[in-house]
1. From GLY189, GLY195, grab the single residue that is part of a strand (DSSP E or B) and either open to solvent by less than 10 Å² (accessible area, probe 1.4 Å) or at positive phi (or both).
2. Would you confirm, using the coordinates I've provided, whether GLU274 is charged (D, E, K, R), part of a helix (DSSP H, G or I) and out of contact with any Phe, Trp or Tyr (no Cβ under 7 Å at 6 or more places or on another chain)?
3. Can you find, within the range 48-65, the residue that is most open to solvent (accessible area, probe 1.4 Å) among those that are in contact with a helix residue (DSSP H, G or I) (Cβ under 7 Å, 6 or more places away or on another chain) and part of a helix (DSSP H, G or I)?
4. Does ILE242 satisfy being touching a strand residue (DSSP E or B) at 6+ places or on another chain (Cβ under 6 Å), assigned to a helix (DSSP H, G or I) and either under 17 Å from LEU5 (Cα atoms) or open to solvent by 70 Å² or more (accessible area, probe 1.4 Å) (or both)?
5. Within the range 50-98, work out how many residues are under 19 Å from ASP13 (Cβ atoms) and modelled with pLDDT under 95.
6. So, GLY241, is that one of a type in the set (Gly, Ala, Ser) and at pLDDT 95 or above or not?
Amino acid sequence: MPLKLMYITNRPDIAQIAESAGVDRIFVDLEYIGKAARQGGMDTVQSHHTLDDVKVISGAITTAELLVRVNPIHEATEEYCSSKEEIDTVIANGADIIMLPFFKTVDEVQEFLTLVDGRVKTMLLVETPKSVEVIDDILKLDGIDSIHIGLNDLSLGYGMKFMFELLTDGIVEHLCAKFRDKGIPYGFGGIASLGKGMIPAEMIIKEHYRLGSSCAILSRSFCNVDKIDHLGVISSTFVNGIRQLREFEAECERYAGYFMNNKAELAEAVRKIEEH
């Protein structure tokens, strides 16, 4: 099965272009609590999307699913509403899937699942070492529809220099095996367009297939709309990029036997970057 592709945007015109090109999920990102502090100084995307953006994007797309990342479980303050208010509003505004980020305990996941209460699909974003420690207990909970492994924050949590180290030290493989045993769909990290990325996107896609992953986020470099003004160029970038990606996926399905060789090549590529 082809990977379900996700793209982060709060622009309805870009959402429609991505949907038309074959993106499966449009991703509105509400998370900001604590994010700047833990990713400060890094070249990472820190979105400034709003609850209103959820409604706008919901009204702009027709075939793609609307995925919304909320904030970690929290109480209301003068600065922001509670998790309950946030989740209720996200559902009312049209979300199809809600993602819980940066959790560390079973209780946080249970509270999230209780607040969603089966009204929409749920996705857990495993991105803390503590969540990995208690993953067996988390997987006993009812109501988890899918899981994504956040390579960036998880690698930071382990004190790694490079997020793709997680693909070579066995952590991602270990987690994927657990998710697969539970019959829960899963994915990890992001992918660039073919031929791009510090680690070539082709290597990462092969790992998705080797590990049985079912979804991936299209990275900012796949189509950086902050650097392209012309909608026609953006559209062609999406159409051509996704077409090439799908053609490569078809090749992966035909030649599944070369995945173990890719694992060794990936480990060597990561080692060379670490030594720089």
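The values are calculated or read from the model by the stated rules, or taken from the named source; none is laboratory data. As the structure is a prediction and not an experimental result, all values here were calculated from the model. So basically every Cβ, Gly included, is an ideal-geometry build from the backbone, and we count neighbours across all protein chains shown. Accessible surface is based on the protein model in full, side chains and every heavy atom, while ligands, DNA and RNA are left aside. Shrake-Rupley method; radii C 1.70, N 1.55, O 1.52, S 1.80 Å.
1. GLY189
2. For GLU274, the condition - charged (D, E, K, R), part of a helix (DSSP H, G or I) and out of contact with any Phe, Trp or Tyr (no Cβ under 7 Å at 6 or more places or on another chain) - is not met.
3. VAL56
4. No.
5. 0
6. Yes, satisfied.
Residue by residue, here is whether (1) within 29 Å of GLU207 (Cβ to Cβ); (2) out of contact with any strand residue (DSSP E or B) (no Cβ under 7 Å at 6 or more places or on another chain) holds:
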| site | (1), (2) |
| --- | --- |
| GLU78 | no, yes |
| ILE87 | no, no |
| VAL134 | yes, yes |
| TYR158 | yes, yes |
| TYR186 | yes, no |
